[in-house]
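Written out below as structure tokens is the structure these notes cover.
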Amino acid sequence: MTNINNIIDYINGSNDFVVTSHISPDGDNIGSTLSMYYSLKKLGKNVCYVLDDQMPLNMQFLIEGVEILKSSECDMKDYTLISLDCGDRPRICVSDEIKDNAVKLICIDHHASNEAFGDLNYIDVDASSTCELMYNVLVRMSEVNNIDFIDAKVATALYTGLVTDTGNFAYSNTHASSFEMAKELLIKGAKKDTVIQNVFQSNPYNYYKLLGEALNTLDIVDGKVASISITKEMLKENAISFNDLDGITPYTRDIQGVEVGILIKEKKENEVKVSLRSKNYVNVSEIAKVFGGGGHVRASGCTIFDSVENAKAKVLEQVLKTI
Ligand code: 5GP
Ligand code: MN
């Protein structure tokens with residue numbers, strides 16, 4: 001496994017970069033990619049931020065003024081592709097052309113299902129977030145280059161990924177190092193209140209109408225497995241985008257006695273995205289893998305090409321085997 005120093009040496013010796021992350025962007029995805037993007041710019045490198053997906057509403061504050069390209073708009077040549085917070089190559093959210101034409105692929109990630117798909121890899125499955133790994137990279141990179149990469153903007157981006165991936169420092173992936181990092185980021189000027197208010201306290205009214213409808217579908221099996229289903233019609237009626245549903249997932253898990261929570265989201269006809277969460281002992285990454293997905297021990301996901309009802313039945317069958 002590559003260490004941080006190899007990645008920093010490589011970055012220092014190269015000029016052109018494309019930075020990106022996984023599909024269905026979230027706080028850690030955007031926070032870690034942005035921190036790399038800003039730091040490469042500070043180093044004077046040519047860098048494009050490419051992501052072929054829609055950014056969630058509650059992350060708009062982070063990317064204001066940042067040029068995020070679609071793959072078709074990126075004309076970079078002889079570049080290194082840096083993939084952040086992405087557990088496997090197919091989920092890297094750029095075109096196959098951009099993946100295939102990269103001179104090198106650097107992978108920085110914390111997914112349990114990551115099989116080190118980069119040419120250079122910095123993977124730590126125990127880390128709270130990819131933002132924590134980026135924090136480690138930038139601390140070292142600041143020492144090596146004698147430049148302070150963690151300014152207020154970068155600190156705010158990293159803080160966002162840290163709070164979203166740890167559920168506000170609540171999940172089991174929250175370690176002493178996560179609090180130490182939080183402290184340092186606040187000292188560096190991370191805008192803590194801006195992050196919390198934008199990420200968790202700015203839901204549009206329609207979101208609550210959708211949430212109400214979603215909670216009406218709540219189904220609990222054996223007191224231990226809870227699921228919520230959201231159809232594309234529910235999204236359309238309430239004018240809520242598919243990528244703005246992250247806040248609903250925890251409702252499935254946070255019920256007394258429930259070990260596994262399942263959120264079933266219909267993307268299109270016969271294409272359903274499933275989010276899995278567990279509280280104590282079920283490894284949901286293994287369940288997601290059965291359907292070609294992956295993720296972490298306590299948070300994972302997969303796509304099932306079937307109806308909402310059938311997808312729910314298939315996932316429930318697997319979950320009930322493990323509980
Ligand atoms: P979420 O349920 O919030 O979409 O994702 C939970 C975690 O599982 C995230 O870390 C996400 O990257 C990962 N994940 C979600 N869907 C998939 C998938 O289809 N494949 C893989 N490999 N990981 C996924
Ligand atoms: Mn992450």
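A short reminder: the numbers here are calculations on the coordinates, not readings from a lab. What you are looking at is a predicted structure, and each value in this text was computed from that prediction instead of being measured. Virtual Cβ from ideal backbone geometry, glycine too; neighbours counted across all protein chains shown.
Observations
- Where ALA127 falls short, out of the listed (1) within 16 Å of ligand 1 (Cβ to nearest atom); (2) out of contact with any Leu (no Cβ under 9 Å at 6 or more places or on another chain): (2)
- Against the list (1) without any contact (Cβ under 8 Å) to a residue 60 or more places away in the chain; (2) in a strand (DSSP E or B); (3) more than 10 Å from ligand 1 (Cβ to nearest atom); (4) of a type in the set (S, T, N, Q), the condition SER227 fails is (1).
- Tally, over the stretch 219-237, of residues that are surrounded by 15 or more Cβ atoms within 10 Å (Cβ to Cβ) and out of contact with any helix residue (DSSP H, G or I) (no Cβ under 7 Å at 6 or more places or on another chain): 2
- If you filter the stretch 291-309 down to residues that are surrounded by fewer than 16 Cβ atoms within 10 Å (Cβ to Cβ) and more than 8 Å from ligand 1 (Cβ to nearest atom), you find that the one that is nearest to CYS86 (Cα to Cα) is PHE305.
- Residue, surrounded by the fewest Cβ atoms within 10 Å (Cβ to Cβ), within the stretch 273-290, restricted to residues that are small (Gly, Ala, Ser) and within 16 Å of ligand 2 (Cβ to nearest atom): SER285
- Residue within the stretch 190-201 that is part of a loop (DSSP other than H, G, I, E, B), in contact with a Phe, Trp or Tyr (Cβ under 9 Å, 6 or more places away or on another chain) and basic (Lys, Arg) present: yes
- The set of residues from the stretch 238-272 being surrounded by fewer than 21 Cβ atoms within 10 Å (Cβ to Cβ), within 11 Å of ligand 1 (Cβ to nearest atom) and of a type in the set (D, E, K, R) comprises just one member, ASP246.
- In the stretch 72-87, the condition of being under 30 Å from VAL195 (Cα atoms), more than 16 Å from ligand 1 (Cβ to nearest atom) and without any contact (Cβ under 8 Å) to a residue 40 or more places away in the chain is met by at least one residue.
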